Amino acid sequence: MKTDSLGMNYGIGLFETLRIRAGRPEYLEAHLKRFMDSAEILEFKDIGRDSLVKALEDHLQASGLREGRLKILYNDLGLFVTSGDNPYGDADYERGMALRLSKVRVPTRSLYTLKTTNYLIPYYEHQKAKAAGFDEVIFTNDLGNLVEGSKSNLFLIKNDKVVTPDLQSGCLEGILRQVILADLGEICTETEIKSETLPEFEAGFITNSLMGVMPIAEIEGQVYNRHHPLIQELIKIYSKEG
């Protein structure tokens, strides 16, 4: 073990989590592009796209994984691939998620926008939210705008229009976020969203590669329509049917 490892001492590393369906990773090219773009920003020289793909394929073949999740992690100690079950099930989509707002404010235009292993604040805030009876925690930035969840992107609905925090807020450019923005087209807008405007919205959902689209049931007591027809249609497309 390298005792001077930057990964071990400072949490400097990258990871990607992919959903596996029918033995194949979803949105593989998008995940690889984000990983390699981030590696270039962090000046990681010893990792390449081909080695990532080989490690992923070797793990899938050895594990026989057909449905579930696969995680790729890289730091100066090496490249690691792990896998397991998808933690989200039908009951989660039916009841929706209860969210709370974190008191921690994240900076705009920072390394928070990269999917790094320096994950203490999101992890700790998520654990506190779970202990308080919530499913996810939402961060605001230093301007008071909504950013994202500890492990999800945020979308809100009003008058059949969808908004999501823009990248300038400091949010991660989630893979499914990109897909949904492209598929929804002009009815979905990236914009600044003040936290005090949350009561104005009728429905909302959060996304990541494993959950797909997950309805929001409430945000700190503010109840949302988890059965909104647009959300139910998106769940069929991105969460269940693939």
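Every number here is computed from the coordinates shown, using simple stated rules; none is lab data. If you're wondering where the values come from, they're calculated on a predicted model, not measured in any experiment. Cβ atoms come from the backbone with ideal geometry, glycine included; neighbour counts cover every protein chain shown.
For the range 68-105, taking the residues that are within 16 Å of the chain's Cα centre (by Cα) and among the aliphatic types (A, V, I, L, M), the one that is nearest to HIS228 (Cα to Cα) is identified as MET97.
Sort out which residues of the range 118-146 are touching a residue at least 24 places away in the same chain (Cβ under 8 Å), more than 24 Å from LYS71 (Cα to Cα) and of a type in the set (A, V, I, L, M), and write them in order of number. Across the range 118-146, the qualifying residues are ALA132, LEU143, LEU146. If I go through the range 1-60 residue by residue, how many of them are over 17 Å from THR82 (Cα atoms) and free of Cβ contacts under 8 Å to residues at least 40 places away in the same chain? Total meeting the criteria: 17. Assess whether PHE44 counts as being aromatic (Phe, Trp, Tyr) and over 16 Å from the mean Cα position of the chain (by Cα). Yes: the conditions hold for PHE44. Scanning the range 198-240 for residues that are among the charged types (D, E, K, R) and in contact (Cβ under 8 Å) with a residue 60 or more places away in the chain yields GLU218, GLU220, ARG226, LYS240. Looking only at residues of the range 177-197 that are surrounded by 15 or more Cβ atoms within 10 Å (Cβ to Cβ) and free of Cβ contacts under 8 Å to residues at least 40 places away in the same chain, we find that the one that is farthest from THR108 (Cα to Cα) is LEU184.
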